[in-house]
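Reading through the structure tokens given below for one structure.
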Amino acid sequence: MTAIHVYFGPDALASPPVVRKIGVPDAVAALKEGFDDFLAMPSHLLFLAIFYVGAGIALTALSTFGGALHLVFPLAAGFALVGPFLAVGLYELSRRRELGLEVRPSDALIVANSPALPSLACLGLALVAIFFVWIAVAQALYVWLYGPTAPTSATAFLGDVLSTHRGWLLIVLGGGIGFLFAAFVLCVSVVSFPLMLDRDVGLVPAVASSLRVSRDNPLAVAAWGAIVAALLILGALPLFIGLAVAMPVLGHGTWRFYRRAIERDPAHEQSPAWPKVAVKPPRYYATPHSVIFPLPQRDEE
């Protein structure tokens, strides 16, 4: 796997992605189809386990650093930033169901055999970096507004945020900055991860296609972004337990949105198994006339 292949796959020139014109109804239909995929392939228990492990780590970190209650909301909002990468396995499940194949939960792990895995990981690390930048910005904003007079208890913090001028300013500025981060990630990743999984185009063409989808279909992408935000908020309200359903539905729905935004090209779509075929070099022998012929190969176990 060369560095060039990470950024530009072999299909980038042979089969450049074609962006379709879609609208708000397509975003709504993608959500419905994603929910149907979730009902057929429920994965809420897995996401619930992942969430509680992640929540335990986050709470431990918050208690370690102390006085970091103001980072609870930015950490929760970070699901929208790294979610497209975490849902790669769900895209594969939707893809296999779409092809009429038998789907098992373990099929989500088959993406490890994808030739686009380095490209997927590269963009995923970029989203993780954006997430940490967002946390750093949120922390800097809080320090700027509160300084040494920051409340130390949860009750005092909530009371200050909801009833003081600096608290309202924190909500407005924090929400506005978070919206900019989320909008940028949405435009970059709305179809890039599913596209790299489906066709070996590489990182740069996939991101460029995602940006073109956002440019050519602003209403549809905005509607999908609003759907993502609404489901994440609703999922977070009951002690974040609802995210165990919201995130899988959004993951499957993202694949369905991709199918509506990018024209299909079955001739260049990846095999659902991505078999790794080891090409064996032929063995040669010399004839009296110095002509080289390959020896017949035998299949080895």
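The values are calculated or read from the model by the stated rules, or taken from the named source; none is laboratory data. Just so you know, these numbers come straight off a predicted model, no measurement behind them. Every residue, glycine among them, receives a Cβ derived from its backbone with ideal geometry; neighbour counts consider all protein chains shown.
Need the failing condition index for Thr149 against (1) surrounded by fewer than 17 Cβ atoms within 10 Å (Cβ to Cβ); (2) under 21 Å from Ser271 (Cα atoms), just the number. The failed condition is (2).
Residue by residue, here is whether (1) among the charged types (D, E, K, R); (2) without any contact (Cβ under 8 Å) to a residue 12 or more places away in the chain; (3) closer than 20 Å to Pro194 by Cα; (4) buried (at least 20 other Cβ atoms within 10 Å of the Cβ) holds:
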{"site": "Ala229", "(1), (2), (3), (4)": "no, no, yes, no"}
{"site": "Ile233", "(1), (2), (3), (4)": "no, yes, no, no"}
{"site": "Leu237", "(1), (2), (3), (4)": "no, yes, no, no"}
{"site": "Ile241", "(1), (2), (3), (4)": "no, no, no, no"}
{"site": "Val249", "(1), (2), (3), (4)": "no, no, yes, yes"}
{"site": "Thr254", "(1), (2), (3), (4)": "no, no, yes, yes"}
{"site": "Phe257", "(1), (2), (3), (4)": "no, no, yes, yes"}
{"site": "Glu263", "(1), (2), (3), (4)": "yes, no, yes, no"}
{"site": "His268", "(1), (2), (3), (4)": "no, no, yes, no"}
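Of the residues making up segment 130-152, those that are polar (S, T, N, Q) and touching a residue at least 24 places away in the same chain (Cβ under 8 Å) are Gln139, Thr152. When the residues of segment 85-135 are filtered to those that are closer than 20 Å to Gly202 by Cα and of a type in the set (Ser, Thr, Tyr), the one that is modelled with the lowest pLDDT is Ser114. Here is a check on your reading of the model: is Ala30 farther than 25 Å from Ala154 by Cβ, of a type in the set (Gly, Ala, Ser), modelled with pLDDT of 80 or more and in a helix (DSSP H, G or I)? Yes. Given the condition part of a helix (DSSP H, G or I), without any contact (Cβ under 8 Å) to a residue 60 or more places away in the chain and β-branched (Val, Ile, Thr), answer yes or no: does some residue in segment 106-129 qualify? Yes, that holds for at least one residue. Just one residue in the set Ala236, Ala286, Ala246, Ala273 is small (Gly, Ala, Ser) and modelled with pLDDT of 85 or more; that residue is Ala246.
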